[in-house]
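All remarks here apply to the structure that follows.
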Amino acid sequence: MAIIGKPIFYSQGQVVHDGKYGIFPFVYETIAKKKSKNREAGAVEIKATQYVNKEAIREMLLHNVIPAIKSKWPSDLSKDILIQWDNARSHQSIQYQSFPKNLGELIEKVKEAYDSFNPILNKHTWITLQCCMEEILKHLGGNNFSPPHKGKKRLERLGLLPEQQEVEGAVVEQAVEHLNTLFIQTGEVNEEDEGMQVDAD
């Protein structure tokens, strides 16, 4: 599980916090019962967790994710923190440029890829995320749009890259009105629906 947040910069461009809190593999250790060509009997082996279920995720959050955030979160910022788990596959190509021989080496290569992630690229990613959210609002929750291109590198060079994207109030109001048409309050049943009700028993 990779934890990434929005990086924080001073107005002069220096990095206050790179937004990286850690990357933790879903693995466990076991003792080898038999000798093999790769290890002796009694050696500690790293095994991949076969089922990353609700319990495994909860343990990861409690014992790794939350402590990592608490240890690295800037003390002068608000303590209201939102954790979103999106189950996205990794996009770290650096790990594929090497040839790990075992699970332990693979874990190290993935960590190296994570550690080398550029905070500037991370900053641009958050801007892109906000731009995509704006497009989703404009398309009333749909994703039938091309990823927006704002010329972030050019704006960065000019010192004009915004920290947050501004969204027109009309766009938000339109999205809210659309959402209100999708839901019927509990207890509200129109005449057509009422005539179609059947006994589930």
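Annotations for the structure displayed:
- Gaussian network model of the chain, Cα within-10 Å springs - most flexible of Gln174, Gln165, Gln12: Gln12
- Of Asn143, Asn64, Asn122, the one that fluctuates the most in a GNM where the chain has Cα springs shorter than 10 Å: Asn143
- Listed options for log10 I(q)/I(0) by the Debye sum over Cα atoms at q = 0.10, 0.13, 0.16, 0.19 Å⁻¹ are (i) -0.70, -0.98, -1.24, -1.45; (ii) -0.48, -0.77, -1.08, -1.38; (iii) -0.46, -0.76, -1.13, -1.53. The value calculated from this structure is the one marked (i).
- Across the chain, the longest run free of exposed loop sites, meaning GluC sites (Glu not before Pro) lying outside DSSP classes H, G, I, E and B with no more than 15 other Cβ atoms within 10 Å, spans 41-162.
- Over the chain, relative contact order from alpha-carbon pairs under 8 Å, at least 6 apart, %: 15
- Rounded to the nearest 500, the 222 nm mean residue ellipticity of the chain from helices alone is -11000 deg cm²/dmol, with -39,500 (n - 2.57) taken per DSSP H run of at least 4 residues.
- Scanning the chain for trypsin sites (Lys or Arg not before Pro) in DSSP loops with at most 14 neighbouring Cβ atoms within 10 Å leaves 102-201 as the longest stretch between them.
- Tensor-based shape of segment 1-116 (alpha-carbon gyration tensor, a/c under 1.5 rounded, otherwise prolate or oblate): prolate
- Selected from Ser75, Ser11, Ser36 as most flexible by GNM, with the chain as the system and alpha-carbon contacts under 10 Å: Ser36
- Each of Asn38, Tyr114, Phe99 was scored by the projection of its Cα onto the charge dipole of the chain, and the greatest displacement toward the positive side belongs to Asn38; charges sit on the C-beta of Lys, Arg, Asp and Glu.
- Full-extension gain in nm, Trp85 to Phe9, via 0.36 nm per residue minus C-alpha separation: 24.9 nm
- Within the chain, the longest run free of chymotrypsin sites (Phe, Trp or Tyr not before Pro) that sit in a DSSP loop with at most 12 other Cβ atoms within 10 Å is 86-144.
- Difference of contour (0.36 nm per residue) and Cα-Cα distance, Lys37 to Ser146: 34.1 nm
- A dipole drawn for the chain from +1 and -1 charges on Cβ atoms has a positive end, and of Ile127, Gly169, Ala68 the residue lying farthest that way is Ala68.
- Counted charge near Val167, where neighbours are those whose Cβ lies closer than 13 Å (Asp, Glu -1; Lys, Arg +1): -4
Where a number appears in this text, it was derived from the coordinates with a stated rule and is not lab data. As the structure is a computational prediction, the values presented were derived from the model and not from experiment. FYI the Cβ positions are ideal-geometry reconstructions off the backbone, even for glycines, and counts take in every protein chain you see.
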